[in-house]
Amino acid sequence: MKLKSVVILGLFLFALCGFSAVYADTFVVGNSSFSLPDGYMLQESGDHVILSNDEYVMTMYEGQIIDTNMARTNRINSGYTLMGEQNYTFGKAKINQQNYMKDGIISCVYTVKKYGQSYIITLNLYDNQTVPEYEDNPVTMIIDTLEPNK
């Protein structure tokens, strides 16, 4: 009887820990909302927001954007070195990703169109960090959970 209680208590605690690991904060930006794992801070700065934790710093903008080809040219003319670019679809989102290097910082610039809204999300890393893979990339979570406010 005591062993059964200990096993049930152990399973309950294991499930509780699993649920808390999935917990995410919901952020509202402009006309949209999205989720990120607990631990991110949001600071508003004009028409941009800055999201950060101990590992990553991201900026996000919602609104009208210029053509991605023109944006690439503008960044290169400003001294950024283009490391790579690709276009892809992620769920209901169309994405252009451009990765740049400048002054020891890697900037992954995601231009996103989802539900008729346009966004630019930038993930900034030091050059000794690697761009996180899909499941570990906080931008992926933003894009996946991005919803228009109703």
Among the residues of the range 77-100, which ones are touching a helix residue (DSSP H, G or I) at 6+ places or on another chain (Cβ under 9 Å) and among the aliphatic types (A, V, I, L, M)? 82, 93, 95
Exception for residue 39 within (1) in a loop (DSSP other than H, G, I, E, B); (2) over 17 Å from residue 108 (Cα atoms); (3) touching a helix residue (DSSP H, G or I) at 6+ places or on another chain (Cβ under 9 Å) falls at (3)
Which members of the range 92-147 meet the condition of being aliphatic (A, V, I, L, M), more than 16 Å from residue 69 (Cα to Cα) and open to solvent by less than 20 Å² (accessible area, probe 1.4 Å)? 93, 106, 121, 123, 125, 139, 142, 143, 146
Could you list, in sequence order, all residues of the range 83-129 that are in contact with a strand residue (DSSP E or B) (Cβ under 9 Å, 6 or more places away or on another chain), over 25 Å from residue 30 (Cα atoms) and not in a strand (DSSP E or B)? 104, 127, 129
Among (1) more than 21 Å from residue 146 (Cβ to Cβ); (2) in contact with a Pro (Cβ under 9 Å, 6 or more places away or on another chain), residue 72 falls short only on (2)
Considering only residues of the range 51-70 that are within 14 Å of the chain's Cα centre (by Cα) and hydrophobic (A, V, I, L, M, F, W, C), which is nearest to residue 115 (Cα to Cα)? 60
A careful count of residues in the range 39-50 that are loosely packed, with under 13 Cβ neighbours inside 10 Å and under 13 Å from the mean Cα position of the chain (by Cα) gives 1
Can you pull out every residue in the range 45-88 that is among the hydrophobic types (A, V, I, L, M, F, W, C) and touching a residue at least 60 places away in the same chain (Cβ under 8 Å)? 51, 57, 58, 60
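The values are calculated or read from the model by the stated rules, or taken from the named source; none is laboratory data. Just so you know, these numbers come straight off a predicted model, no measurement behind them. Virtual Cβ from ideal backbone geometry, glycine too; neighbours counted across all protein chains shown. Note: accessible area is taken over every heavy atom of the protein model, side chains too, but ligands, DNA and RNA are not part of it. Shrake-Rupley method; radii C 1.70, N 1.55, O 1.52, S 1.80 Å.
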